[in-house]
Amino acid sequence: MNKRRYGWKGLKIPLGYLNDPDYCEFGCPICTSARKGNRLARFLQKFEMLFSSNGCWWGRAREKKYGVKPDQSLPDDK
């Protein structure tokens with residue numbers, strides 16, 4: 001899978017592309033850190049998912065494209 005790059009380590013949010021699932025996968029500083037195991041990022045992500053109907057726009061787009069929620073890792077392609 002091609003890893004996309006986002007400016008400023010993901011802090012440059014692509015507001016013009018709210019349906020970009022790759023931002024959640026590769027660029028979002030909260031989601032990528034939470035999937036790697038960061039406790040603070042996991043807390044923020046769970047809070048976000050609780051109060052914003054299963055995550056932000058990019059997390060919902062990721063769920064549509066890849067079939068996994070923003071707090072879950074992608075399954076390995078074997």
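The values are calculated or read from the model by the stated rules, or taken from the named source; none is laboratory data. Being a predicted model, the structure only gives us computed values, none of them experimental. Positions of Cβ are generated from backbone atoms using ideal geometry, with glycine treated the same way; all protein chains shown enter the neighbour counts. Surface areas here come from the heavy atoms of the whole protein model, side chains and all, with no ligands, DNA or RNA. Shrake-Rupley method; radii C 1.70, N 1.55, O 1.52, S 1.80 Å.
Observations
- Lys46 surrounded by fewer than 18 Cβ atoms within 10 Å (Cβ to Cβ), in contact (Cβ under 8 Å) with a residue 40 or more places away in the chain and either assigned to a helix (DSSP H, G or I) or in contact with a His (Cβ under 7 Å, 6 or more places away or on another chain) (or both): no
- Scanning region 49-78 for residues that are among the charged types (D, E, K, R) and either open to solvent by less than 40 Å² (accessible area, probe 1.4 Å) or assigned to a loop (DSSP other than H, G, I, E, B) (or both) gives Arg62, Lys69, Asp71, Asp76, Asp77, Lys78.
- Residue within region 9-16 that is of a type outside the set (Ser, Thr, Tyr), open to solvent by less than 30 Å² (accessible area, probe 1.4 Å), assigned to a loop (DSSP other than H, G, I, E, B) and modelled with pLDDT under 85 present: yes
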